[in-house]
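Colleague: To start, I am sharing the structure in question, which I have written as structure tokens.
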Amino acid sequence: MTDLVEQDTRAMSVAVTKSRYQSEEFSARLRRRYAAERRFRIAGMLAVGVASLMLVILLGSIVSKGYTAFWQAQIRLEVTLDKQHVEERNYTALVRQALYAQVPAATDRATRRSLNDLLSSGAPYELEAMVNANPSLVGTTQTVWVRADDEIDQFMKGFIRRDVPESERRLNDVKIAAIDALVANGSIRSTFNTTLFTAGDSREPEQAGILGAVVGSALTLVVTMLLSVPIGIAAAVYLEEFAPKNRWTDLIEVNINNLAAVPSIIFGLLGLAVFLGFFGLPRSAPLVGGLVMALMTLPVIIIASRVALKAVPPSIREAALGVGASPLQTVTHHVLPLALPGILTGTIIGMARALGETAPLLMIGMVAFIVDIPGGLTDSATAIPVQIYMWADSPERAFTERTSAAILILLAFLILMNGLAVFLRKKFERRW
């Protein structure tokens, strides 16, 4: 009798449970949950799509404006290297005479003055450098290609229209007629702009290059890396492996985390007051830039290194200590090698951030106009982001495309560094 009652009770319970999960209310609740999940997925996909679209538009805008900077118009001249002019270093007269010979119709003084603007102001220096490299050329006639003026370059690239009234364009009819004559006899060509990669800054767009900024950024990063990497890793190892857990270490950890979120210009103000104002270090020097960047990068490296050290399983430490290793041997022989991929990744990302920073460098004077390529840590220099800022502020149209080209070069460096971080993480990563 008791068994029959228990069987009936169990059957009723199953019936009640089955009916509850098959009820309309439960089904409606289930449909609402699935619908909410679908809406969440769609919202996520839309967010990723919008972000990707914005990224494509940004990169497309930069590339469309900057790719033309990698090409430069040049003019062919048949230059007779007269000995008298060479001895007098009057190379300007030589290139102008060669240009007048290319346009025989230019006989009056006004027309020839307009023709002078077709050539870059650096053309005589190019000719002088060629003669200095090979003095045996004196007395001969040589075919040379010299840089055209930036306005001629922009006209050849289609950025200056000829179908507008003469008063509304930067090139008059005489110059355009001369350009047409040079194009007709094949004396103008567009070639790869090596000056962009081999020269320092200049007020003339066709003579401006980014090599000085690249060298300045490299020297700054060397100082940053030499200071921030060993100090950052040592601090992380001490805080994670050796420091006692008390209120002082907690206070230090909180301050390190807060420093990672401090605006970068604050570090620039600190560098201005301490390194320039108190220690009297030279302005615009990569040494000071590296010191400021090291202060800014240290919290990032410490935090990333601590996360990498925490990721090493405690069993590794316990096993090493169990076989008689000292705490220092445990860390240096076992923990650090296993945490190295994460430490390297954090370090490279910190260096990439330092490479792209502008505000701290503005505060310590690395925004100056510097033509020469820096040769040491105390020479005046600028950096790639600052060079971009300066070119973007220039009124000439040719500097607009050079600004975009410099951004592309900076992006290439950042992508390369982030790619290296991913490669190192994949290569040395160990899973447990």
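The values are calculated or read from the model by the stated rules, or taken from the named source; none is laboratory data. What you see is a predicted model; the values in this text were computed from it and never measured. So basically every Cβ, Gly included, is an ideal-geometry build from the backbone, and we count neighbours across all protein chains shown. For accessibility, only protein heavy atoms count, side chains too; no ligands or nucleic acids. Shrake-Rupley method; radii C 1.70, N 1.55, O 1.52, S 1.80 Å.
Colleague: Ratio of alpha-carbon Rg to the 2.2 N^0.38 Å globular estimate for the stretch 90-173, to two decimals, please.
Modeller: 1.26
Colleague: Given that compact globular proteins tend to follow 2.2 N^0.38 Å, what is the ratio of the alpha-carbon Rg of the stretch 27-107 to that value?
Modeller: So the stretch 27-107 has a normalised radius of gyration of 2.79.
Colleague: By per-residue mean of other Cβ atoms within 10 Å, what is the highest-first order of 96-102, 293-299?
Modeller: Top of the packing list down: 293-299, 96-102.
Colleague: Let me ask something else. Starting from the Kirkwood radius over alpha-carbon pairs of the stretch 295-432, derive D by Stokes-Einstein at 20 °C in a medium of 1.002 mPa s and give it in µm² s⁻¹.
Modeller: Roughly 119 µm²/s, to the nearest whole number.
Colleague: On to the next question. Provide the packing ranking of 397-404, 271-278, 314-321, i.e. peptides ordered by the mean count of other C-beta atoms within 10 Å per residue, highest first.
Modeller: 397-404, 271-278, 314-321
Colleague: Could you pull out the pairs from Lys245/Lys426; Lys310/Lys426; Lys245/Lys427; Lys310/Lys427 whose alpha carbons sit more than 23 Å apart here?
Modeller: As for pairs spanning more than 23 Å Cα to Cα, those are Lys245/Lys426; Lys245/Lys427.
Colleague: Mind checking the dipole of the chain: about its Cα centre, +1 per Lys or Arg Cβ, -1 per Asp or Glu Cβ, Debye to the nearest 20?
Modeller: 1580
Colleague: Continuing with the same structure: If you plug each phi of the stretch 305-315 into the Karplus form 6.51 cos²θ - 1.76 cosθ + 1.60 with θ = phi - 60°, what whole-Hz ³J(HN,Hα) values come out, in order, with x for Gly and Pro?
Modeller: For the stretch 305-315, the Karplus-derived couplings read 5, 5, 5, 5, 5, 5, 6, 6, x, x, 4 Hz, x marking Gly and Pro.
Colleague: OK, next. Any chance you could list the semi-axes, whole Å, largest first, of the equivalent ellipsoid that the Cα gyration tensor gives for the stretch 234-291, using √(5λ)?
Modeller: Semi-axes from the Cα gyration tensor: 30, 13, 10 Å.
Colleague: Continuing with the same structure: With a sphere of radius 13 Å drawn around the Cβ of Ala181, what net charge do the other residues whose Cβ falls strictly inside it have (Lys, Arg +1; Asp, Glu -1)?
Modeller: That works out to 0.
Colleague: For the chain, what is the per residue volume of the convex hull drawn over the alpha-carbon atoms, in cubic angstrom?
Modeller: Convex hull of Cα atoms, per residue: 297 Å³.
Colleague: For the stretch 361-432, divide the Cα radius of gyration by the Kirkwood radius and give the resulting Rg/Rh value with two decimals.
Modeller: For the stretch 361-432, the value is 1.16.
Colleague: Where the centroid of each part is defined by its Cα atoms, how far is the stretch 183-244 from the stretch 95-118 in Å?
Modeller: Result: 41 Å between the Cα centres.
Colleague: Give the distance, in whole Å, between the Cα centre of the stretch 385-401 and the Cα centre of the stretch 262-313.
Modeller: 27
Colleague: Here's something else I'd like to know. Per residue, how much accessible area does the stretch 218-365 show when a 1.4 Å probe rolls over the protein heavy atoms, in square angstrom?
Modeller: 47
Colleague: For the stretch 148-282, just list the percent of Cα-Cα distances falling in each 10 Å bin from zero outward, please.
Modeller: 9, 20, 20, 14, 13, 13, 7, 3, 0
Colleague: Take each of the peptides 27-36, 283-292, average the number of other beta-carbon atoms within 10 Å over its residues, and list them starting from the highest.
Modeller: Final packing ranking: 283-292, 27-36.
Colleague: For every helix of n ≥ 4 consecutive DSSP H residues, a contribution of -39,500 (n - 2.57) applies; sum these over the chain, divide by its total residues, and give [θ] at 222 nm rounded to the nearest 500 deg cm²/dmol.
Modeller: Calculated at 222 nm, the ellipticity per residue is -20500 deg cm²/dmol.
Colleague: Tell me the Rg and the Dmax, in Å, that the Cα atoms of the stretch 193-232 produce.
Modeller: 14.2, 43
Colleague: Using a 1.4 Å probe on the protein heavy atoms, what percent of the accessible area of the stretch 302-432 belongs to carbon and sulfur?
Modeller: 65
Colleague: On to the next question. Give, as a single signed number, the net charge of other residues whose beta carbon lies under 15 Å from the beta carbon of Gly216, with Lys and Arg counted +1 and Asp and Glu -1.
Modeller: Net charge in that neighbourhood comes out at -3.
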